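Student: Handing you this structure, nothing more for now.
The values are calculated or read from the model by the stated rules, or taken from the named source; none is laboratory data. Since the structure is predicted, the reported quantities are computational estimates derived from the model, not experimental observations. All Cβ positions, glycine included, derive from the backbone under ideal geometry; neighbour counts span all protein chains shown.
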Amino acid sequence: MDRPVHVGITRRVKPGCEAAFEDAISRFFSDTLREKASLGALLIRPLPGTQNRTYGILRSFASEQDRDAFYNSINFRKWDESVKNLVEEDYTRQNLHGLEAFFTDPSLIHHPPRWKMALVTWIGVWPTVYAISSAISPQLSGLHPVLATGVVTLIVVLALTWAVMPVLTRLLRSWLRGAADIRK
């Protein structure tokens with residue numbers, strides 16, 4: 001049985017073309033998410049207030065064959081051609097495995113060692129689960145335990161994805177990189 005395949009892509013957008021790129025990728029996401037092999041797509045924008053114009057794109061596919069078919073498709077080639085005037089350079093693309101999606105950084109040659117990714121994830125998960133469970137569990141006491149756990153874990157995942165892990169990976173960037181992984 002095939003396992004889902006997750007792909008991380010980075011695109012550096014030309015100055016002043018950010019809105020046009022976001023509009024183009026939004027339309028492309030809508031068009032391609034109708035395909036059964038595409039399990040999802042996520043756009044990661046540069047942090048507001050920074051000069052960074054590198055966008056991250058996370059895509060998920062049902063299998064390696066589906067991923068390969070997608071990137072070899074006419075639809076993808078047309079979209080890639082249509083945004084060439086909006087981007088400064090060709091894109092980078094790599095498969096992501098497990099926790100690597102949180103640790104994708106275009107300035108790294110390699111991902112941090114798995115033990116570092118696991119440690120940082122645990123540092124983020126432990127207090128987040130504790131804080132959210134403590135804060136909302138009393139309000140969920142009337143729900144079935146399975147449903148209550150689902151609500152808590154949903155909020156934990158959202159907090160980890162959009163707040164905790166981005167902050168932790170930014171704060172611990174130097175340690176995660178290690179001297180050998182920094183691009184020259």
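Student: Taking the residues in segment 67-76 that are out of contact with any Asp or Glu (no Cβ under 8 Å at 6 or more places or on another chain) and more than 19 Å from residue 20 (Cβ to Cβ) as candidates, determine which candidate is surrounded by the fewest Cβ atoms within 10 Å (Cβ to Cβ).
Tutor: Start the filter on segment 67-76 by keeping residues that are out of contact with any Asp or Glu (no Cβ under 8 Å at 6 or more places or on another chain), which leaves 67-69, 71-74, 76.
Right, trim to more than 19 Å from residue 20 (Cβ to Cβ) and you get 67-69, 71-74.
Values: 67: 21, 68: 12, 69: 14, 71: 15, 72: 9, 73: 13, 74: 7.
The residue in question is 74.
Student: Answer yes if at least one residue in segment 13-20 is loosely packed, with under 13 Cβ neighbours inside 10 Å and β-branched (Val, Ile, Thr), and no otherwise.
Tutor: No - not one qualifying residue is present in segment 13-20.
Student: Additional query: Checking residue 112 against (1) at pLDDT below 90; (2) in a helix (DSSP H, G or I), only one condition comes out false. Which one?
Tutor: (2)
Student: Select from segment 80-103 the residues that are assigned to a helix (DSSP H, G or I) and modelled with pLDDT of 90 or more and list them in ascending order. Full working, then the answer.
Tutor: Step one: of segment 80-103, the residues assigned to a helix (DSSP H, G or I) are 80-82, 98-103.
Residues satisfying the conditions are 80, 81, 82.
Student: Which numbered condition trips up residue 25, out of (1) modelled with pLDDT under 90; (2) surrounded by 14 or more Cβ atoms within 10 Å (Cβ to Cβ); (3) under 17 Å from the mean Cα position of the chain (by Cα); (4) not polar (S, T, N, Q)?
Tutor: For residue 25, the exception is condition (1).
Student: Tell me whether segment 37-60 contains one or more residues that are of a type in the set (Lys, Arg), in a loop (DSSP other than H, G, I, E, B), under 18 Å from residue 162 (Cβ atoms) and not assigned by TED's automatic domain parsing to the domain that holds residue 167.
Tutor: Kept after step one, since they are of a type in the set (Lys, Arg), are these residues of segment 37-60: 45, 53, 59.
So of that shortlist, the ones also in a loop (DSSP other than H, G, I, E, B) come out as 45, 53.
Add one more test, that the residue is under 18 Å from residue 162 (Cβ atoms), and what stays is 45.
Narrowing the set further to residues that are not assigned by TED's automatic domain parsing to the domain that holds residue 167 leaves 45.
Yes, segment 37-60 contains a residue that is of a type in the set (Lys, Arg), in a loop (DSSP other than H, G, I, E, B), under 18 Å from residue 162 (Cβ atoms) and not assigned by TED's automatic domain parsing to the domain that holds residue 167.
Student: In segment 125-179, what residues are of a type in the set (S, T, N, Q) and over 28 Å from residue 46 (Cα atoms)? Lay out the reasoning, then the answer.
Tutor: Filtering segment 125-179 down to residues of a type in the set (S, T, N, Q) leaves 128, 133-134, 137, 139, 141, 149, 153, 161, 169, 174.
Within segment 125-179, 133, 134, 137, 139, 141, 149 meet the criteria.
Student: Consider segment 28-60. How many of its residues are closer than 20 Å to residue 74 by Cβ and surrounded by 15 or more Cβ atoms within 10 Å (Cβ to Cβ)?
Tutor: So the first thing to find is which residues in segment 28-60 are closer than 20 Å to residue 74 by Cβ, and the list is 28-38, 41, 57, 59.
If we keep only those that are surrounded by 15 or more Cβ atoms within 10 Å (Cβ to Cβ) as well, we get 28-29, 32, 35, 37-38, 41, 57, 59.
Within segment 28-60, residues that are closer than 20 Å to residue 74 by Cβ and surrounded by 15 or more Cβ atoms within 10 Å (Cβ to Cβ) number 9.
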